[in-house]
Structures are given as structure tokens and as C-alpha cells.
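The structure under discussion appears below in the form of C-alpha cells.
Just so it is clear, none of the values below were taken in a lab; they were calculated from the coordinates. Everything numeric here is computed off the predicted structure, so don't read it as measured data. Here Cβ is always computed from backbone atoms with ideal geometry, including for glycine, and neighbour counts include all displayed protein chains.
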Amino acid sequence: MNSKLKVKVNKSQVIEVDPGQPQTLLEALEQAGVETRYHCRSGFCGACRTTLISGEVEYINDPLAYMRPQEILPCACKAKTDLEIEH
Amino acid sequence: MRYSTFNQTNVNPLGEPMFFGNPVNVARYDQQRHSIFEKLIEKQLSFFWRPEEVDVSRDRVDFQAMTDSEKHIFISNLKYQTLLDSVQGRSPNIALLPIVSLPELETWIETWSFSETIHSRSYTHILRNLFSDPAKVFDDIVMNDQIRKRATDISKYYDDLIFYTQLWQTHGEGTVEVEGETYQVSVRDLKKKLFLCVNSVNALEAIRFYVSFACTFAFAEREIMEGNSKIIRLIARDENLHLTSTQHIINLWQYGDDDPEMKEIAEECREEALEIFTSAVEQEKGWAEYLFENGSMIGLNKDILCQYVEYIANLRMAAIGFEPQYDQTSNPLPWMNKYLVSDNVQVAPQEAEISSYLVGQIDSEVSAGDFGDFDL
Ligand code: FES
Ligand SMILES: [Fe+2]
Ligand SMILES: [Fe+2]
């Protein structure tokens with residue numbers, strides 16, 4: 001159940017995340033050395049807005065910034081399934 | 001249509017558009033068409049802070065040690081921010097409240113504008129600590145050409161919307177003559193003015209503060225003017241939330257989740273909206289140039305600041321559905337982010353000191369003559 005999930009970033013890099021950890025997707029990206037965009041880190045400014053190509057995320061913090069249907073706020077969510085994203 | 005402070009027709013709040021529907025009657029939040037605005041209200045209230053809680057007394061010594069060009073940068077930025085918050089502390093109320101139709105949005109507008117008045121009061125708090133008489137700084141805001149130029153651009157969309165709304169509310173649609181001038185009034189045209197106005201406010205919240213923010217945080221990186229930087233961090237956190245609200249409004253319109261006529265207008269005025277944004281970007285770059293005309297400051301120069309404006313502008317434009325317009329795709333000032341993280345901002349009571357008390361203390365150590373030759 002607690003197996004790692006794969007997140008494919010910007011069509012190239014693939015990182016692994018542990019869904020059992022409280023870590024946000026943004027933190028996971030940073031840990032893997034991806035150059036990230038952010039300001040508030042708590043879901044209200046939209047600076048980290050990212051395109052979700054496939055997969056599902058779950059929100060840890062209520063996201064307040066506007067999101068179009070294919071967008072996610074990695075500072076406020078974590079992976080629920082394997083993901084492909086464009087950050 | 002005449003404004004009524006309590007419209008007695010029974011309206012269904014779920015069926016109303018954000019603006020130009022029926023005036024709001026009952027301030028009720030049990031049924032919400034766009035519940036995001038109540039979430040923003042809650043967030044804004046949770047951010048509440050008072051300038052007096054932040055001790056700025058140590059900044060006075062730092063300020064005196066600055067070079068003249070650094071003083072110019074610091075004071076000019078405060079003047080510009082004072083202008084921006086003077087406008088924002090009143091205009092959302094005056095321009096948008098008469099035409100808003102949803103209770104949650106009405107209250108958001110009031111909450112938003114109120115938070116801008118805290119920003120205004122904080123500039124006086126900062127300046128009082130630096131000068132025994134800050135009047136000269138404030139007086140220059142309406143005389144300084146660089147600031148006036150920006151003031152015109154910022155206020156014109158608001159003023160236009162306010163004026164035509166007044167005509168509409170007193171005369172209705174059609175041709176109106178006032179003081180020998182003829183005006184055409186229609187709701188469609190008012191909606192267009194509203195769309196442009198919100199785009200201009202969006203650009204203001206999105207990028208107009210960031211040149212000054214970058215200078216403030218560059219001083220903080222050198223561990224000077226830290227009281228000021230603490231206040232600006234609180235302001236920056238608020239501005240990011242305001243920006244989210246204007247992005248929501250624009251996107252609700254353009255993706256057809258509100259008034260269908262506003263969707264048409266968003267399409268029709270797309271070029272004009274883009275132009276409003278890019279001209280704000282150019283003005284900000286011009287501001288960076290003005291700041292550094294007397295020399296630069298450690299850690300920042302005009303070029304890197306302009307790159308930062310472009311980087312931020314790209315993000316902000318993407319948020320309202322525009323293609324990024326600038327080449328700068330990576331952050332040229334990575335340290336900026338740590339000042340914009342909202343969790344790092346705290347006005348912990350144990351840290352906060354009563355600044356009026358401390359200002360008195362500093363006063364006794366420093367005489368006015370020590371910074372008497374600084375020229376505003
Ligand atoms: S960093 Fe602000 S919403 Fe993610
Ligand atoms: Fe403000
Ligand atoms: Fe604001």
C-alpha cells in the first residue's frame with residue numbers, strides 16, 4: 001500500500017515520492033533538485049501553479065488560488081497516484 | 001439604475017452575476033455563488049496585523065548610514081507604495097461596491113480595501129521613525145513627476161468606471177449631457193469599463209509592488225532596515241491574496257462561469273487587457289531605471305530588477321490565460337522567495353516591542369543634525 005509513486009516532471013526527469021510522507025509535491029520536487037516557482041507555499045498566491053498532464057493529487061491545504069481544470073498547486077497538495085506534470 | 005442600500009426585491013443570490021445584477025440586499029453567506037470570496041475574506045482576516053506591532057526603531061540608524069543613492073531608492077519606493085495603497089484603500093470600495101451583486105464578493109471588496117488602509121498607515125509608521133517630520137516625503141508624492149505619471153495610469157480606469165456608473169445611476173442608459181459634454185451610457189459599455197478596470201487593478205497587484213519589494217528585501221539581505229522589511233513582508237503577503245482575487249474575477253468572467261456578457265467582453269477586450277498589463281510592466285522597468293539613476297545599491301542593479309519584473313510578469317500573465325511575453329523564465333533573484341513565503345511572516349507578540357517607546361529611546365541618542373543634510 002505504501003509503495004512509492006512516480007512523478008514525471010517536464011517530460012524528462014522522473015522522481016519518486018512516498019505517499020505516506022506529509023511532504024507536499026512542491027517539497028518533493030525541490031528535494032529532487034527541480035527548479036521550482038513559489039511564493040506563499042500555502043496555496044493562496046498561485047505562483048507554483050503547474051499543469052497536471054495525468055494522475056491525481058490530493059490537497060493538504062485548501063487551495064485558494066485560481067486553477068483551471070488541468071492545473072494544480074503543488075505547494076498545497078501531494079501525489080495520490082503516479083503523476084505527469086509540467087512545472 | 002439608482003443605487004439602493006437595501007434593495008427590497010427578492011433576488012436569488014445564486015442566480016446573480018458578480019457585477020451589474022441586482023444590488024446586494026441581505027448580507028448572507030449561507031448560499032454563495034462564488035464561495036471562493038468568503039474563503040479569501042477568512043484568509044485576509046487571519047492575516048490581520050497592525051503596523052505598530054512591528055518595531056522599526058533600529059532602522060533609523062541603518063538609514064543614516066546609507067549612501068545618498070540608497071536613501072533615494074528607499075524613500076522613492078515608499079512614496080510609490082504610498083501612492084498605490086492610497087488608491088487601493090479607497091477605489092475598490094468606490095468603484096466596485098455600487099455595482100457588485102453578490103454578498104460574499106461585496107464583503108471581500110470591503111475586506112480587501114480595508115487591508116490596503118493598514119498598508120497606508122504602515123508607511124507613516126515607517127517614515128515617522130526615520131524623520132522627525134515626514135511631511136516633505138508625503139508632499140512630494142503629488143509633485144514628483146515619476147510618481148504622477150504612474151498615478152494617472154493607475155487611477156484612470158477606476159475614474160472612468162466611477163464616472164460612468166454615476167451617470168448610469170442618476171440618468172440610466174442613453175445620451176446624457178453634463179456641463180456641456182455629451183456622454184453615451186450603456187450597461188454593455190459599463191461592463192467593458194469594469195473589465196478594463198479590473199485588469200488594471202490586477203496588473204497593479206501583480207507587479208507594481210515588486211520593484212520596491214525587491215529593493216526592501218535586498219536591504220534585508222544585508223541585514224539593514226529589517227523593521228521595514230518585516231512590514232513589507234506582511235504587505236507582500238496581503239498583496240498576493242488581493243492578486244488571487246482579481247485573478248479569480250477575471251477568470252470567472254473569461255471562462256464563462258459568471259456573466260455570459262462578460263465572457264464576450266473578455267474576448268473582445270483581450271488585446272486591450274494585454275496592453276494594460278504590458279504597459280504596467282514597462283512602467284515598472286522605468287521605475288527601476290529612475291531608482292538607480294543616482295547610483296545603485298549593493299546586491300541589485302537596474303538590469304537584474306527588470307529581469308525580475310519580467311519573470312514575475314510571465315507568471316502573472318499565465319495566471320489569467322495570456323502567453324508569457326518575456327524571455328526571462330528563471331528567477332534572477334532567488335532570495336526574493338524566502339521573503340514571500342507566508343509561513344515565515346510572524347508578528348509574534350514576544351518579538352514585538354512597543355515602538356513609540358523605543359522611538360523615544362533612539363531619539364535621545366541621535367540628534368536631528370545627524371541626518372540634516374539628506375536632501376529629499
Ligand atoms: S506557492 Fe503560493 S499557491 Fe503555491
Ligand atoms: Fe496594499
Ligand atoms: Fe493590494
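Listed by chain and number, the lysines placed with their C-alpha closer than 28 angstrom to that of A:LYS8 are A:LYS78, A:LYS80, B:LYS338; residues fewer than eight positions away on the same chain are left out. For the segment B:32-42, counting C-beta atoms of other chains within 10 Å of every residue's C-beta and taking the mean gives 1.
In whole percent, what relative contact order does chain B give with Cα contacts below 8 Å and a gap of six or more residues? Could the numbers behind the result be given before it?
Values: 460 pairs, mean separation 84.5, N = 376.
This gives 22 percent for chain B.
Per the Cα gyration tensor, region A:5-86 maps to an equivalent ellipsoid with semi-axes of 17, 13, 13 Å, ordered largest to smallest.
Extent of the protein assembly as shown along its three principal axes (Cα atoms, max minus min coordinate, largest first): 74, 65, 41 Å. Over all other residues within a Cβ to Cβ distance under 13 Å of A:LEU5, the charged ones net out to -1, with Lys and Arg as +1 and Asp and Glu as -1. Place a point 7 Å from Cα of A:ALA32 in the direction of its Cβ. Which residues in region A:43-64 have their backbone N less than 18 Å from it? Only A:48-59 pass the distance filter.
Quick one: which of B:153-163, A:45-55 comes out on top by average Cβ neighbours within 10 Å, and what's the full order, highest first? Please report the intermediate quantities before stating the final value.
Values: B:153-163: 18.4, A:45-55: 20.1.
In descending order of packing, they fall as A:45-55, B:153-163.
When you restrict to C-alpha pairs under 8 Å that are six or more residues apart and normalise by the size of region A:5-86, the relative contact order lands at 39 percent. When each of B:GLU173, B:GLU226, B:GLU104 is scored by the number of other beta-carbon atoms lying within 10 Å, the sequence from fewest to most is B:GLU173, B:GLU226, B:GLU104. Over chain B, DSSP H runs of length four or greater, each weighted -39,500 (n - 2.57), average out per residue to a 222 nm ellipticity of -20000 deg cm²/dmol.
Within 10 Å of the Cβ of each residue in B:312-324, the mean number of Cβ atoms contributed by other protein chains is 2. I need B:GLU261, B:GLU177, A:GLU58 ordered by Cβ neighbour count within 10 Å, fewest first. With the fewest neighbours first, B:GLU261, B:GLU177, A:GLU58 line up as B:GLU177, A:GLU58, B:GLU261. Here B:LYS263, A:LYS11, B:LYS285 are placed in order of increasing Cβ neighbour count within 10 Å, fewest first, which gives A:LYS11, B:LYS263, B:LYS285.
Each label was represented as a point 7 Å from its Cα along the Cα-to-Cβ direction; for B:GLU271 and B:VAL142 these points are 3.8 nm apart. Counting only other chain Cβ atoms within 10 Å of each residue's Cβ, the peptide A:41-53 averages 5.
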